[in-house]
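Reading through the structure tokens given below for one structure.
What follows is calculated from the coordinates using simple rules that are stated; it is not laboratory data. On a predicted model such as this, the values are computed, not experimentally measured, just so you know. We place every Cβ from the backbone using ideal geometry, glycine too, and count neighbours over all the protein chains shown.
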There are 2 protein chains.
Amino acid sequence: MQITLAVSTVIFALRPTSAGADPESGAPLPALWLPLVRRIRPPYEGQWALPGGPLGIDEDLEAAAARTLGATTALAPNYLEQLYAFGTLDRSPDGANDRVVSVVYWALVNSDEVVHSDRNTSTENVRWFSVDDLPDLAFDHDVIIEYALWRLRNKVEYSRIAHAFLGDTFTLAELREVHESVLGRTLDPANFRRQIESTNAIVPTGKRVTGTSYRPPKLYRYNNSAEPVDRGPLGRTDPAEPASPSRKPTA
Amino acid sequence: MQITLAVSTVIFALRPTSAGADPESGAPLPALWLPLVRRIRPPYEGQWALPGGPLGIDEDLEAAAARTLGATTALAPNYLEQLYAFGTLDRSPDGANDRVVSVVYWALVNSDEVVHSDRNTSTENVRWFSVDDLPDLAFDHDVIIEYALWRLRNKVEYSRIAHAFLGDTFTLAELREVHESVLGRTLDPANFRRQIESTNAIVPTGKRVTGTSYRPPKLYRYNNSAEPVDRGPLGRTDPAEPASPSRKPTA
């Protein structure tokens, strides 16, 4: 018996759902979706699991996560962050030869890209599921997804993470809709506007949506003084975080 | 060549320093300290490193962190949380036989306990250092400590983490002093009072410090509706976090 190190990735996208519709626009409300991979060998053969696999001997953890993501969705993530290392003794089935410790990443991908990607990469063994309607999952992947959702919902409230679901510019209504979809509840538009404007997180572009309405809504962009992708302790560029420290030379 | 999984722990305590003194009380200002272990074999023989070692085949990650902590300081932590899995290819010295991926925890211990523990467990090869005056460190442990400090300083501003450095009851001045020591800067007492009172994080006990002063300061305690120890996704009891999900039965 030995310890095997694996890397798995929880990949979130916002996609329209048929469950409801925006009362104003009539468009389907977006919801969180994630891709799962059907296992083709025991244990849990035939069940759905997070994309991932053993860490390559010459592969960085984050590179393994990005490789997994690319193989499953053909997408580069807008956001990629290490979530947690899952390593309890009971997470593998009884009688397994190896004990697996999984370093799990979570990623956000742009919704428009997903629609495109889905056409190209969706196969019998890769499928997108709404987080509200997940199948039976292999291993402890239900626990992992629940934790990733909790992290996402917390982070959307105090960081620029919604950016990963939006284009370069967006209206306040679009930004609010991302927050609502992630949090799974509606937000008061006036309160949301006050709250978001008090944070300096977004700035007006001076432009408005081009279209048909009498008063087209203003377009905003994120304040670029912060970095949307958290690449962990070794790649921080946010001024509030330590600059990439120089590496100790190897002896 | 193979991948070895190790667990290391960054253990923070607040201890008085001789570098300055509180202008009011004349007492030495506390500062953050951490214990390091001198390596007795190559690589980096003779240099200081974080306490830790290979994960046991039948040992949970958190149990390994607690074991390491106990062996180094004879203390149980007031706070223990997984920090990050460090696994870049360049973190081991050239020519090393194995590649090491380290799952790092960070812990907070009560200062009073440290003084006691120090008498019993300080040896030639275990020593406490001020985070402002660290020796040359083995591997990438300087990067790890810098990241742990960043996490601690962020977390003290929005969570109940200062509790781990305090007794059950404390004055506002004592709480402020913990925040100042962690952040490495002084805070305006009136602003600090307003800010902390607006969060509902602490509640007055109705008692005051017994002592000699004419108006002894009020004693507070933390609001017990939240859990001070983050035991990760599997042991959450904070109502804002998902309840411990039931484990999938093994097939």
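Using a label point 7 Å beyond Cα on the Cα-Cβ vector, give me the inter-copy distances for A:A173 in nanometres, one decimal, shortest first.
The answer, with the shortest distance listed first, is 5.7 nm.
Out of the range B:42-75, which GluC sites (Glu not before Pro) are coil in DSSP terms and have no more than 14 other C-beta atoms within 10 Å?
Counting only loop positions with at most 14 other Cβ atoms within 10 Å, the GluC sites (Glu not before Pro) in the range B:42-75 are B:E45.
Report the FRET efficiency, 1/(1 + (r/R0)^6), for A:Q47 and B:T210, where r is their Cβ-Cβ distance and R0 is 51 Å, rounded to 0.05.
It comes out at approximately 0.25.
If amide H atoms are built 1.01 Å from N in the plane of the peptide, which residues on other chains or at least 5 residues away come under 5 Å of the amide H of A:T171?
Close amide H contacts, sequence-distant or interchain: A:Y220.
Please compute the average number of Cβ atoms from other chains found within 10 Å of each residue's Cβ in peptide A:144-153.
Mean shielding count: 3.
For the rotation taking chain B to chain A, which residue of B has the Cβ nearest the axis, and how many Å away is it?
B:A85, 2
How much length, in nm to one decimal, is gained on full extension between B:E157 and B:A63, taken as 0.36 nm per residue of separation minus their Cα-Cα distance?
Using 0.36 nm per residue and subtracting the Cα-Cα distance, I get 31.0 nm.
Label points 7 Å out from Cα along the Cβ direction at A:R193 and B:R193: separation in nm?
Modelled inter-label distance: 3.8 nm.
Could you pull out every residue, at least 5 positions away or on a different chain, whose amide H is within less than 5 Å of the one on B:N78? Hs are placed 1.01 Å off N in the peptide plane, and Pro or chain starts have none.
The list, which skips near neighbours in sequence, is B:L108, B:V109, B:N110.
For a quick check: with amide H placed at 1.01 Å from N, whose amide H comes under 5 Å from A:A31's, ignoring anything fewer than 5 positions away on the same chain?
Amide H neighbours of A:A31, under 5 Å, 5+ apart: A:R15, A:T17.
Label the range A:149-190 by shape, choosing from rounded, prolate and oblate, from the square roots a ≥ b ≥ c of the eigenvalues of the Cα gyration tensor; if a/c is under 1.5 it is rounded, and otherwise prolate applies when a/b is larger than b/c, oblate when it is not.
oblate
Using a 7 Å offset from the Cα along the Cα-to-Cβ direction at both A:N125 and A:N224, what is the distance between the two label points in nm, to one decimal?
4.3
Suppose you put the label 7 Å out from Cα in the Cβ direction; list, shortest first and in nm with one decimal, how far A:T4 is from each other copy's label.
Here the equivalent label points are 2.2 nm apart from this one.
Once you put a point 7 Å from the Cα of A:Q2 and another 7 Å from the Cα of B:A76, both along the Cβ direction, what distance in nm separates them?
3.7
Shortest first, in nm, what separates the label point of A:Y158 from those of the same position in the other copies (7 Å along Cα→Cβ)?
Here the equivalent label points are 0.3 nm apart from this one.
Using the Karplus curve 6.51 cos²θ - 1.76 cosθ + 1.60 with θ = phi - 60°, work out ³J(HN,Hα) for each residue of the range B:183-199 in order, rounded to whole Hz, and write x for Gly and Pro.
Going residue by residue, I get 7, x, 8, 7, 10, 5, x, 5, 4, 4, 4, 4, 5, 6, 6, 6, 8 Hz, with x marking Gly and Pro.
Net charge within 13 Å of A:T169 by Cβ-Cβ distance, Lys/Arg positive one each and Asp/Glu negative one each, not counting A:T169 itself?
Cβ neighbours under 13 Å give a net charge of +2.
Please go through the residue pairs A:K155/A:K207; B:K155/B:K218; B:K155/B:K207; A:K207/B:K155 and name each one whose alpha carbons sit more than 30 Å apart in this structure.
Result: A:K207/B:K155 exceed 30 Å.
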